[in-house]
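Colleague: Pasting in a structure now, in structure tokens, and then I'll have a few things to ask.
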Amino acid sequence: MSAAPDVAEAQRLAVAQAGSQAEFGGLVEPYRRELQAYCYRLLGSPLDAEDLVQETLLRAWRGRSSFNRPVSFRAWLYKIATNACLNALAQRPRRRLPTAADPTPEPGQPMAAPLPDPIWLEPYPDEWLPDPAETPEARYSARESISLAFLTALQLLPPRQRAVLILREVLDWHAQETAELLGLTVPAVNSALHRARATVAKHYPSPHRPAPTAPAHDTATRHLLNRYVRAWETADIAGLVSLLRDDATLTMPPMPGWYRGAPVISRLLARGVFVGLPQKTDWRIRPTRANGLPALGIYRRLEAEAGGVYQPFALQLVELDPAGQQVAALVNFLNPKLLACFGLPLTLPAD
């Protein structure tokens with residue numbers, strides 16, 4: 001929801017509009033994280049979101065003289081960001097995960113070739129989310145609205161409907177504010193929201209929303225994740241599979257296929273991931289969090305010789321079952337550039 005006019009902010013804006021880059025930078029910085037999260041929900045990529053936020057701030061600086069009250073500075077920034085994102089979406093395919101459209105491969109069939117085009121949803125660092133204390137109460141919580149399941153449904157919407165749903169039901173903007181931002185009438189906003197709700201409900205129905213997983217600091221959850229990391233670092237396939245739910249899924253964008261079931265995943269790990277690698281020394285993992293889930297930066301040493309560095313293999317999201325007792329889904333994002341979003345290095349030195 002738009003903030004009420006602030007006298008101090010108005011005074012600082014006057015200084016910024018007169019040409020002070022330092023003052024302008026101080027004014028926009030508090031909004032950076034929420035603009036990143038907003039652009040990510042629209043675009044489905046943290047890399048694209050960061051690019052569009054930078055473009056938004058540059059446009060705002062160049063057009064600072066055009067800002068006038070009574071529109072709030074925050075709403076003005078959101079309007080610039082929305083227009084930048086809508087323009088970008090008009091030239092790009094919608095993003096998804098393999099589970100949304102691609103079939104599971106037949107048993108024994110080799111993995112399909114990767115599709116490197118920008119069609120895949122990408123993970124979002126929890127550290128980039130706005131402070132929960134600043135998040136409004138809305139239909140979808142900040143955590144839920146950043147989940148991969150919700151984002152998959154969100155990407156099915158036309159871009160303008162997507163913006164309406166995010167503004168109204170994630171950020172809790174009023175219909176009039178949303179209409180002014182998008183250059184629509186209030187009835188048009190309400191109609192777009194109705195259609196967006198129907199689409200999202202069809203693909204992300206309330207009874208099937210993911211139940212909250214156990215918190216990261218929960219003892220049982222921490223123990224499970226520690227066991228999982230140890231099993232991966234030692235290429236212990238049997239140990240890994242023992243932690244999976246029977247109907248667990250595995251996806252690996254940009255590979256288009258996906259896999260369901262512990263036995264199928266076990267065969268894939270044995271034949272396509274750990275094949276031909278030393279058992280004890282070739283993997284290193286760095287923990288992080290993404291999209292409200294535990295995440296792992298996974299590195300593989302490509303040379304067995306002493307001194308070889310570890311190269312990035314995947315940024316992996318680990319979805320646990322509601323009780324935090326088993327792994328329900330694994331999503332391996334095989335794009336090394338994503339590691340930088342999480343503050344992870346592009347290589348790790350050998351011990």
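Values in this text are rule-based calculations from the coordinates and carry no lab data. None of the values given here were measured: they were computed from a predicted structure. In this analysis, Cβ positions are derived from the backbone assuming ideal geometry, glycine residues included, and neighbour counts consider all displayed protein chains.
Colleague: How far apart, in nm, are two points set 7 Å out from the Cα along the Cα-to-Cβ line at ASN68 and at ASP218?
Modeller: If labels sit at ASN68 and ASP218, their model points lie 5.5 nm apart.
Colleague: Say a site is exposed when it is one of the GluC sites (Glu not before Pro), sits in a DSSP loop, and has at most 10 other Cβ atoms within 10 Å; what is then the longest site-free stretch of the chain?
Modeller: Formally, the longest exposed-site-free interval is 138-304.
Colleague: For region 219-341, what does the relative contact order come out to in percent, with C-alpha contacts under 8 Å and a separation of six or more?
Modeller: Worked out over region 219-341, it gives 25 percent.
Colleague: Turning to a different aspect of this structure: Any idea how far apart ARG139 and ARG271 come out in nm if each label point goes 7 Å out from Cα toward Cβ?
Modeller: Rounded to a tenth, the inter-label distance reads 4.5 nm.
Colleague: Ok, one more. In nm, give the distance between the simple-model label positions of ALA238 and ALA10, each being 7 Å from the Cα along the Cα-to-Cβ direction.
Modeller: Here the modelled spin labels are 7.4 nm apart.
Colleague: Report the gain in length on full extension from ASP131 to SER20: 0.36 nm times residue separation, minus Cα-Cα distance, nm rounded to one decimal.
Modeller: The ASP131-SER20 span can extend by a further 37.2 nm.
Colleague: Rounded, prolate or oblate: which fits region 1-92, taking a ≥ b ≥ c as square roots of the Cα gyration tensor eigenvalues, rounded meaning a/c under 1.5, else prolate when a/b beats b/c?
Modeller: Judged from the Cα gyration tensor, region 1-92 comes out prolate (a/c at least 1.5, a/b above b/c).
Colleague: Taking neighbour Cβ counts within 10 Å as the exposure measure, how do LEU167, LEU47 sort from fewest upward?
Modeller: Ordered from fewest to most neighbouring Cβ atoms within 10 Å, LEU167, LEU47 come out as LEU47, LEU167.
Colleague: Which value, in debye to the nearest 20, gives the size of the charge dipole of region 11-115 about its Cα centre, when Lys and Arg are +1 and Asp and Glu are -1 at the Cβ?
Modeller: In debye, rounded to 20, region 11-115 gives about 500.
Colleague: Where a ≥ b ≥ c are the square roots of the eigenvalues of the C-alpha gyration tensor, would you call region 219-341 rounded, which needs a/c under 1.5, or, failing that, prolate if a/b is larger than b/c, or oblate?
Modeller: Judged from the Cα gyration tensor, region 219-341 comes out rounded (a/c under 1.5).
Colleague: GLN311 to LEU47: FRET efficiency via 1/(1 + (r/R0)^6), r the Cβ-Cβ distance, R0 22 Å, to the nearest 0.05?
Modeller: The computed FRET efficiency comes out at 0.65.
Colleague: Now for a separate question. Using Cα centres only, tell me the gap between region 290-351 and region 227-276 in whole Å.
Modeller: Here the answer is 14 Å between Cα centres.
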